[in-house]
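Contents: one structure, followed by commentary.
The values are calculated or read from the model by the stated rules, or taken from the named source; none is laboratory data. All values reported here derive from a predicted model rather than from experimental measurement. As a convention, Cβ positions derive from the backbone with ideal geometry for all residues, glycine included, and neighbour counts pool all protein chains shown. Side chains included, ligands, DNA and RNA excluded: accessible areas come from the protein's heavy atoms. Shrake-Rupley method; radii C 1.70, N 1.55, O 1.52, S 1.80 Å.
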Amino acid sequence: LFKSNLSLYKIFSTFKLAISFLAKKDSKYPTYLIKYENKVSVLNNKKYTLSFSSGTQAFESLIRSLNIANEKIGVCNIVFPSIFRLLTRYFRSGNLKILICNKDLVLDLEKNYEEIKNLDYLLLTFGYGYPYDRQLINKIFSINSKINLIYDLSHSQGYSEKNIEQNMQIHYFFSTQGSKAISTGEGGVVSTDDLSIYKKMIFNSHLNRSDIKTNLSEKENLAVKIGILSKSRMSPLGAISGANDIFYLKKKIKI
Ligand SMILES: Cc1ncc(COP(=O)(O)O)c(C=O)c1O
C-alpha cells in the first residue's frame, strides 16, 4: 500500500495541489490543466485533446461537433447507459443501429457485415481493459472505408494506435471519473486529430477559452463567447491527480 501510495511523485503532486488551491489557480484553464491535456494527447497519440466535466459531456460535445444530420451510427449492445441515452437523443431510431457483440464483448463482424457497410459512424466500447484488436479495426475499414470510428476508452485508458492511415477517421473519448486508471475525480476527455472538430468542441462547451492551437478567426472568436451546447469544463485541480495517474500508467504499461 505504501509503495503505491507514497512515492516522491505523489508527494510532489499533493504539494502542487495544495499550492494551486491556495493560489486560487483552481478555475478556468491554468497551465497545469493544459499540460494535462497535452499529456493525454501524447498518451493517446492524437493531436488535440480537450478536457470536460464528465465522460458523458465529452461524448456529447464530440457528437455535436460531427456532421450527423441524417447519418447512421452503429453501436454494440455493450455501451454505457448515459452514452446510449445521448445516441437516442441525437440519432433518429432508423439511423441508430444496435449491433451484436460476441462472447468476448467485441463487435461480431460476420453477423453485422451488411449493417457495417452502410454506417457513417461506429461507436466501440473497449470493455474491461481489453482493447479491440488492430486487425479487427482494419477489417472494419476494409468493409467500409468511409466509416468514422469513435472509441469509448473509459475502461482501456492508455490504449493508442500508431501508423493510422489517412482515411481512417478515429476519435477517442474516456471518462476519468472514480477509480479509473486515469482519475480526475470527475471528468472526461476527447482526443482527435481533426482540428475542426477540436475547434467546434471549444465553441460547444468551452466558453471563453483562448487557445493558441486553434488560431481563431474573427467569427470563431465570437462563437467561443457563446458556449453553443453547454458549459462543461473540468475542475482543474483534478488534472493534477490525472497527470500523476498518467505517470504511473505509463510506467505500468511500459510506454
Ligand atoms: C465505459 C464508460 N463510458 C462512459 C462513462 C460515462 O462517464 P461519466 O460518468 O464521467 O459521465 C463511464 C463512466 O464511468 C464508463 O464507464
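Between residue 105 and residue 28, full extension at 0.36 nm per residue minus the direct alpha carbon distance yields a gain of 23.9 nm.
Once both labels are positioned 7 Å from their Cα atoms along Cα-to-Cβ, the gap between residue 80 and residue 162 label points is 2.8 nm.
Any idea what log10 I(q)/I(0) is at q = 0.11, 0.20 Å⁻¹ for region 45-153, Debye with uniform C-alpha scatterers and no solvent? At q = 0.11, 0.20 Å⁻¹ the computed log10 ratios are -0.33, -1.17.
Using only the alpha-carbon atoms, how far is helix 31-44 inclined from the longest principal axis of the chain? Give it as 0 to 90 degrees, nearest 10. For helix 31-44, the angle is close to 40 degrees.
May I have the convex hull volume per residue, in Å³, for the Cα set of region 69-221? Before the final figure, lay out each step's value.
Values: hull volume 21.7 nm³, N = 153.
Per residue, the Cα convex hull of region 69-221 comes to 142 Å³.
Between the helical axis of 134-143 and the longest alpha-carbon principal axis of the chain there is an angle of about 40 degrees.
Per the Kirkwood definition applied to all pairs of different Cα atoms, how many angstroms is the hydrodynamic radius of the chain? If you can, show how the numbers build up before the last one.
Details: mean 1/r = 0.0527 Å⁻¹.
That comes to 19.0 Å for the chain.
For the listed peptides 84-93, 116-125, a ranking on the average number of other beta carbons within 10 Å per residue, highest first, reads 116-125, 84-93.
Set the Förster distance to 25 Å, then compute FRET efficiency between residue 133 and residue 249 from the Cβ-Cβ distance, nearest 0.05.
Numbers: r = 21 Å, r/R0 = 0.84.
Calculated transfer efficiency: 0.75.
Taken over the C-alpha atoms, region 138-252 has Rg and Dmax values of 16.2, 45 angstrom. Axis of helix 81-90 versus longest Cα principal axis of the chain: the two differ by about 60°, to the nearest ten degrees.
Taking other residues whose beta carbon is less than 12 angstrom from the beta carbon of residue 224, and scoring Lys, Arg as +1 and Asp, Glu as -1, yields +3. Surface composition of region 76-224: carbon plus sulfur atoms hold 50% of the accessible area, using a 1.4 angstrom probe and ignoring ligands, DNA and RNA.
Highest mobility in the GNM of the chain, judged by mean-square fluctuation with C-alpha springs under 10 Å and restricted to 157, 57, 177, is found for 177.
When all alpha-carbon pairs of region 95-153 are counted, what percent fall beyond 18 Å? Can you show the working numbers first?
Working: 428 of 1711 pairs.
Tail of the P(r) past 18 Å holds 25 percent of the pairs.
Each peptide in 39-48, 239-248, 163-172 receives the mean, over its residues, of other Cβ atoms within 10 Å, and ordering these scores from highest gives 239-248, 39-48, 163-172.
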